[in-house]
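Enquirer: Please find one structure pasted underneath; my questions will follow.
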Amino acid sequence: EDNKIAYRMNRYDEYALEEALLIKDVYPATIVDTVSVGPERALSTVKKSLEKGADNAVHIICDNPALSASETSSLIAAYAEDKDYDIIFAGVMSEDLMQSQVGPMIASFLSMPSVVNVVKSELINNSNALSVNSELEGGIIENVEITLPCLVTIQTGVNLPRYPSLSNVMRARSMQVITINSED
């Protein structure tokens, strides 16, 4: 690692965050939490999610730069297991390893249904379900209706991630990030 490198939020996770924020725009009582596993430098990314409009941010501090997908997903699932989330949005993959495993593994650890490679999602009115379009091999699109709670991994291009508003940037400055040491 070089201290001159500027780190940023994983692009796929930006699209996942935007999907959650779009639901919050329609249903203002929605609470959006963001969770990240990583070293101290990941704190700036977690704060960026607050600037974009998330309500809460959690940083699971882990200094091991070589966590497996299973280790990462188990840490996130351990945090989420008693939170009663209706929908967990995750980026379809990380930009560095591109394994597409963390989201489905979180769903498995939490024993919740999941849909991957989502290119469109919409809450079904007056229902406890989500309608999604999932991109399959060869670009085929499958429409799936999934009941809540569920986990959905989001592809790029599904929306246009927002820039932080000045009011959210100011709000984020006064907000505390929940930090958890992965060794605990």
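Enquirer: Being open to solvent by 30 Å² or more (accessible area, probe 1.4 Å) and of a type in the set (S, T, N, Q) is the filter here, so list the residues in segment 1-35 that pass it.
Expert: Those that are open to solvent by 30 Å² or more (accessible area, probe 1.4 Å) and of a type in the set (S, T, N, Q): Asn3, Thr30.
Enquirer: Give segment 51-78 a look and list any residue that's more than 23 Å from Pro161 (Cα to Cα) and either in a strand (DSSP E or B) or of a type in the set (D, E, K, R) (or both), or say none.
Expert: Hits for segment 51-78 are Ile60, Ile61, Asp63, Glu71.
Residues are listed down the side, and each one gets a yes or a no for (1) closer than 16 Å to Asp13 by Cβ; (2) open to solvent by less than 30 Å² (accessible area, probe 1.4 Å); (3) under 13 Å from the mean Cα position of the chain (by Cα); (4) touching a residue at least 40 places away in the same chain (Cβ under 8 Å):
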position	(1), (2), (3), (4)
Ile60	yes, yes, no, yes
Leu97	yes, no, no, no
Asn117	yes, no, no, no
Asn125	no, no, no, no
Glu137	no, no, no, no
Val144	no, no, no, no
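Enquirer: Looking at this structure, is Thr153 at pLDDT 95 or above, among the β-branched types (Val, Ile, Thr), crowded, with 17+ Cβ neighbours inside 10 Å and within 25 Å of Lys48 (Cβ to Cβ)?
Expert: Yes; evaluated as a whole, the condition is true for this residue.
Enquirer: Next up: Counting residues that are closer than 15 Å to Glu19 by Cα, which strands (runs of 3 or more DSSP E) fully inside segment 132-184 reach at least 2?
Expert: In segment 132-184, the matching strands (runs of 3 or more DSSP E) lie at 150-154.
Enquirer: Which residues, taken from segment 104-128, are at pLDDT below 95 and either among the aliphatic types (A, V, I, L, M) or assigned to a helix (DSSP H, G or I) (or both)?
Expert: Of everything in segment 104-128, those that are at pLDDT below 95 and either among the aliphatic types (A, V, I, L, M) or assigned to a helix (DSSP H, G or I) (or both) turn out to be Leu123, Ile124.
Enquirer: For residues that are over 18 Å from Asp33 (Cβ atoms) and not hydrophobic (A, V, I, L, M, F, W, C), tally how many sit in segment 163-184.
Expert: Residues flagged as over 18 Å from Asp33 (Cβ atoms) and not hydrophobic (A, V, I, L, M, F, W, C) within segment 163-184 amount to 7.
Enquirer: Test Ala90 against the criterion of being touching a strand residue (DSSP E or B) at 6+ places or on another chain (Cβ under 7 Å), open to solvent by less than 30 Å² (accessible area, probe 1.4 Å) and either of a type in the set (D, E, K, R) or not in a helix (DSSP H, G or I) (or both), and give yes or no.
Expert: So Ala90 fits the description; yes.
The values are calculated or read from the model by the stated rules, or taken from the named source; none is laboratory data. These figures come from a predicted structure and were not determined experimentally. We place every Cβ from the backbone using ideal geometry, glycine too, and count neighbours over all the protein chains shown. We work out accessible area using only protein heavy atoms, side chains counted, and drop any ligands, DNA or RNA first. Shrake-Rupley method; radii C 1.70, N 1.55, O 1.52, S 1.80 Å.
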